[in-house]
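Have a look at the structure below, then the notes.
The values are calculated or read from the model by the stated rules, or taken from the named source; none is laboratory data. Being a predicted model, the structure only gives us computed values, none of them experimental. Here Cβ is always computed from backbone atoms with ideal geometry, including for glycine, and neighbour counts include all displayed protein chains. With ligands, DNA and RNA removed, areas are computed over all heavy atoms of the protein, side chains included. Shrake-Rupley method; radii C 1.70, N 1.55, O 1.52, S 1.80 Å.
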Amino acid sequence: MLELYSDNTQLIHALKSGDPKAYTFLVNTYHHKLCVYAYSFTHDHSLSEDIVQNVFMRIWNKRKNLKEDFSITSLLYKSVYNEFIDQYRSQKTVYPLEKKYIDALNDIVENEDEHSLERIIKLVKREIQNLPPKCKEIFLLSKEEGLTNIEIAEYKNLSIKSVEAHITKAYSILRDSLGENTNIYLFLLFR
């Protein structure tokens, strides 16, 4: 079955003609990758699954409108992003800073393939692991656990200035290694 749909045009043609095997191939090939991508926005497994399911249903229901010159991968990732934005907007207003990051992240997704996105996430995680131990611990308490600087200071029995210094140092090291998109990558990872 892989060989039958390995070409983008063949896959779209099979989907347009209503071939259920093509749909099964599409779901089997992209479901997990799209759920991981959706989770990077939502940080909620159930919501990520719902978003991806909605995308697959919409693709199937509108399959006759698919254009054979479209990249199915780009269409799927863009659709997941749009579904997330639609659900996000329906739940609450988008803060300007978050919207800036979400839009910038969308640009990265549009200009990179799925492997590049996975590579970026792995790179960011590796660079965080390479931070000095105390710096990494405080940075992760802030970003991963969502603790405030005051909470971290109390928890680690440090001064607030010391906590701020560690977080500033972490950002500086990460910016040096990850470049100008560091904040966007961190938003993708920790939103």
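How much accessible area per residue does the range 1-80 have, counting only protein heavy atoms and a probe of 1.4 Å, in square angstrom?
Heavy-atom SASA per residue in the range 1-80 reads 56 Å².
So, counting K/R as plus one and D/E as minus one, what does the shell of residues with Cβ under 15 Å around residue 63 add up to? Display every interim value, and only then the final one.
Details: positive: 16, 21, 58, 62, 64, 67; negative: 19, 68.
The answer is +4.
Computed with every protein chain present, the accessible area of residue 151 is close to 80 Å² [probe 1.4 Å]. Rolling a 1.4 Å probe over the heavy atoms of the protein chains gives the range 131-191 an accessible area of 56 Å² per residue. At the residue level, residue 63 shows approximately 50 square angstrom of accessible surface with a 1.4 angstrom probe and all protein chains present. With θ taken as phi - 60° and the Karplus curve 6.51 cos²θ - 1.76 cosθ + 1.60 applied, the whole-hertz 3J(HN,Hα) list for the range 129-143 is 5, 7, 5, x, x, 5, 4, 4, 4, 5, 4, 5, 4, 6, 7 Hz, x standing for glycine and proline. Dividing the mean sequence gap of close Cα pairs (under 8 Å, 6+ apart) by how many residues the range 114-190 holds gives a relative contact order of 35 percent.
Kindly flag which residue pairs out of 134/156; 78/125; 33/143 have an alpha-carbon separation exceeding 18 Å in this structure. Each step should come with its number before you reach the end.
Working: 134/156 10 Å; 78/125 24 Å; 33/143 24 Å.
In this structure, 78/125; 33/143 exceed 18 Å between Cα atoms.
Ranked from the most accessible area to the least, with a 1.4 Å probe and all protein chains present, what is the order of 148, 29?
Values: 148 70, 29 45 Å².
Ranking 148, 29 by accessible area, largest first, yields 148, 29.
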